Amino acid sequence: AARVKLAPSLLSCDFTQLGAELNRIVTADYVHVDVMDGLFVPNISFGFPILAAARRASPLFMDVHLMIERPERYLREFAEAGADGMTVHVEATPHIHRAVGMIHELGKRAGVSLNPGTPLEAVRPVLSDVDLVLVMSVNPGFGGQKFIPQSVERIRTVRRWLDELGSAAELEVDGGVTPQNARLLADAGATVLVAGSSVFGPQGPEVGLARLREALA
Ligand code: DX5
Ligand code: ZN
């Protein structure tokens, strides 16, 4: 199988050192940018200015995870602030197909995501349209939560659906990813692992990334 991509979540970094933190993860593949609006999820993180600052400070792919209601309203601004890819939740809009189309019209990679409690069938109608499927393995809103074990079977199912379609879309998993479960997730068919607290831990992000790479080797 191809090399699994790592996407450190900025949510767990030290925001007083944003540029330095980004410099410490240059060996990663994506920068995962968690945007929360206090409505779709019970937390508020950050928005355009922080994304724009991260964009200026890093050459990496900006993988923007929009945990916001009606993301259509803000796709253009996130694109202009430096997103390379934008992922929208099926639960956040009655028009997921339109939202995916809007992301493509902006010239960006389009992702679709779903919460652990949402039936997988909800993403099926747009599977052939997206560049990435993000399977949440915690209820979104906070870093540092425990991985929900049923997520492994959900990843396997989406993997099978993508393969049946002949889709080259990335299959990303987000929430509670650690060196202990990384290999299992890759074997289930994930191609991108998001990791917040297990990268930006007490030993620092270089060690955090190295531990994940070792687990995948
Ligand atoms: C959860 C966010 C995640 C989170 C991951 O709402 O979407 O990206 O930051 O953090 P960890 O890896 O600590 O679970
Ligand atoms: Zn996320």
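Where a number appears in this text, it was derived from the coordinates with a stated rule and is not lab data. Here the structure is a predicted model, which is why all the values come from computation and not from measurement. A quick note on method: Cβ atoms are made from the backbone with ideal geometry, for glycine too, and the neighbour counts reach across all protein chains shown.
Some notes on this structure:
- Converting phi to 3J(HN,Hα) with the Karplus coefficients 6.51, -1.76 and 1.60 and the offset θ = phi - 60°, segment 64-71 yields 9, 9, 8, 9, 9, 5, 6, x Hz in sequence order, with x at every glycine or proline.
- Highest-MSF residue in the chain out of Leu22, Leu39, Leu171 [GNM, Cα springs under 10 Å]: Leu39
- Net charge of Cβ neighbours under 13 Å - reference Pro202; Lys, Arg +1; Asp, Glu -1: -1
- Subtracting the Cα-Cα distance of Thr27 and Ser128 from 0.36 nm times their residue separation leaves 33.3 nm of extension gain.
- Projected label points at Gln145 and Glu105, each 7 Å from Cα along the beta carbon direction, are separated by 3.2 nanometres.
- Phe48/Arg160 FRET efficiency (R0 41 Å; Cβ-Cβ; nearest 0.05): 0.65
- The magnitude of the dipole of the chain, with charges of +1 and -1 set on the Cβ of Lys/Arg and Asp/Glu and taken from the Cα centre, is near 260 debye.
- Per-residue [θ]222 nm for the chain (sum of -39500 (n - 2.57) over DSSP H runs n ≥ 4, rounded to 500): -9000 deg cm²/dmol
- Close amide H pairs (under 5 Å, H built 1.01 Å from N) link Ser197 with Gly144, residues at least 5 positions away or on another chain.
- Local charge for Met62 was computed over the other residues whose Cβ lies under 9 Å away, with Lys and Arg +1 and Asp and Glu -1, and equals -1.
- Percent of Cα pairs exceeding the 27 Å cut-off, where the set is the chain: 23 percent
- Added length on full extension, which subtracts the Cα-Cα distance from 0.36 nm per residue, Glu121 to Arg70: 16.3 nm
- Built amide H within the under 5 Å cut-off of Lys5, gap 5+: Val192, Leu193
- Model label points for His95 and Val207, set 7 angstrom from Cα along the Cα-to-Cβ axis, are 5.0 nm apart.
- Our analysis of segment 173-217 gives Rg over Rh at 0.94, with the two radii drawn from alpha carbon positions and Rh computed by the Kirkwood formula.
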